[in-house]
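Novice: I'd like to ask you about the structure that follows.
The values are calculated or read from the model by the stated rules, or taken from the named source; none is laboratory data. As the structure is a computational prediction, the values presented were derived from the model and not from experiment. Methodologically, a virtual Cβ is constructed for each residue, glycine included, from the backbone with ideal geometry; neighbour enumeration extends over all protein chains shown.
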Amino acid sequence: MKKKNILAGIFLFLLFVLPACEKRGSKELGSKELVRINDVSVSIEEFRQITEKQPLEGKMRLLDEKGMRDFLENYVIAREVLYQEARKKGMDRDRDIQAKVEDFKRAVLIEALFEEALRGKDEVTEEEIQKYYKENQTLFEEPQEIKIRHIVVNSEPLLKEVLAKLSSGESFEKLASTYNIDRTRQDGGNLGYLRRGQLAPSFAQFEEAAFSLRKRGEVSEVVRSPYGYHIIRLEDMRGTALRPFDKVKERIRFFLQPKKKQEVRLEYIKEAKSRSNILINEKLWGDEVKKEAKPKEDKK
């Protein structure tokens, strides 16, 4: 996807920016003229506009003189040289290429139309999120209580040591009894049963990691807390409880956003069609359908 966006950006640059650059025949560069490639001139202001249009990743490469110079020579100048070479060969008059340019232009304009027409209308509302939450509560159920063990250390070297031993198959309880810096060391890291919201706010990440475990014996990723680095293992679950709305709200919004966007787009297309005079040659369409179906019948 990134590569596709970069190529699209380059194509737009060649199609709309460089052809607009001023053509000059004189040999001396003007005071505002940054570079001239054959008879095409790029001003310092145009160069600034081009750099401003770069994505964040591209802008990060323009933070020093070397990066700026590289961009000038290997992007601005190189693309104009190649564009001019393509035109010399008459590629801009090639029917297939003109068709691709027209298709790309249509796609860009349609996307711009959607952005303008749908601005603010495709946002998922609080009411829609609450409705989904109420109608799909089984998706947000979790154990009412979980029984967990943990290994807790207070330094990265010890953490790496524990992780290496875990990956080699050493007992979780034995490692907890050896390395834990709290009193659970005496019982192989056993923390007993835990309910959602029972821990202090500073342990929110620990609690989230613990309740995200779903299978007995499942082990969490490393979690940070004010005490150090934790690795959690799920021992048991009992009862069920519904996750609070405010804890899952953003997850629901993220899930519903693409669907809402698509629904609004389809509604806009429907409205645009209703404002248009559309005539279909049904006879011609029927003949075309028959022609497409015939080869399939012949294969049988």
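Novice: Can you pull out every residue in the range 137-159 that is within 16 Å of Ser177 (Cβ to Cβ) and surrounded by fewer than 21 Cβ atoms within 10 Å (Cβ to Cβ)?
Specialist: Leu158
Novice: To continue, here is another question. Among what's in the range 219-243 and is over 29 Å from the mean Cα position of the chain (by Cα) and part of a loop (DSSP other than H, G, I, E, B), pick the residue that is surrounded by the fewest Cβ atoms within 10 Å (Cβ to Cβ).
Specialist: Pro226
Novice: Now for a different question. Report yes if Glu85 is assigned to a helix (DSSP H, G or I), loosely packed, with under 12 Cβ neighbours inside 10 Å, without any contact (Cβ under 8 Å) to a residue 12 or more places away in the chain and not assigned by TED's automatic domain parsing to the domain that holds Arg36, otherwise no.
Specialist: Here the answer is no, as Glu85 does not meet what is asked.
Novice: With Ile280, Ile252 as the choices, which residue is outside the structural domain of Glu173 (by TED's automatic domain parsing) and within 21 Å of Tyr133 (Cβ to Cβ)? Explain how you work it out, then say what you get.
Specialist: Working: Ile280 fails: within 21 Å of Tyr133 (Cβ to Cβ).
Only one candidate passes the filter, namely Ile252.
Novice: For the range 138-215, give me every one of the helices (runs of 4 or more DSSP H) that falls completely inside it and has 3 or more residues that are in contact with a Phe, Trp or Tyr (Cβ under 8 Å, 6 or more places away or on another chain) and either charged (D, E, K, R) or under 12 Å from Ile231 (Cβ atoms) (or both).
Specialist: By residue number, 156-167.
Novice: Which ones in the range 205-240 are in contact (Cβ under 8 Å) with a residue 60 or more places away in the chain and either among the β-branched types (Val, Ile, Thr) or not assigned by TED's automatic domain parsing to the domain that holds Asn154 (or both)?
Specialist: Passing the criteria: Val222, Ile231, Ile232, Thr240.
Novice: If only one of Lys261, Lys247 is out of contact with any strand residue (DSSP E or B) (no Cβ under 9 Å at 6 or more places or on another chain) and in contact (Cβ under 8 Å) with a residue 24 or more places away in the chain, which one is it?
Specialist: Lys261
Novice: Among the residues of the range 63-119, which ones are polar (S, T, N, Q) and either more than 30 Å from the chain's Cα centre (by Cα) or modelled with pLDDT of 90 or more (or both)?
Specialist: Applying the first criterion (polar (S, T, N, Q)) to the range 63-119 yields 74, 84, 98.
Once the filter is applied, which keeps residues that are polar (S, T, N, Q) and either more than 30 Å from the chain's Cα centre (by Cα) or modelled with pLDDT of 90 or more (or both), the range 63-119 yields Gln84, Gln98.
Novice: Can you pull out every residue in the range 244-291 that is surrounded by 10 or more Cβ atoms within 10 Å (Cβ to Cβ) and polar (S, T, N, Q)?
Specialist: Those that are surrounded by 10 or more Cβ atoms within 10 Å (Cβ to Cβ) and polar (S, T, N, Q): Gln257, Gln262.
Novice: Does the range 74-82 include one or more residues that are surrounded by fewer than 12 Cβ atoms within 10 Å (Cβ to Cβ), of a type in the set (Asp, Glu) and in the same structural domain as Asp39 (by TED's automatic domain parsing)?
Specialist: no
Novice: Here is a further query. Farther than 26 Å from Val35 by Cβ and part of a helix (DSSP H, G or I): does that describe Lys66?
Specialist: For Lys66, the condition - farther than 26 Å from Val35 by Cβ and part of a helix (DSSP H, G or I) - is not met.
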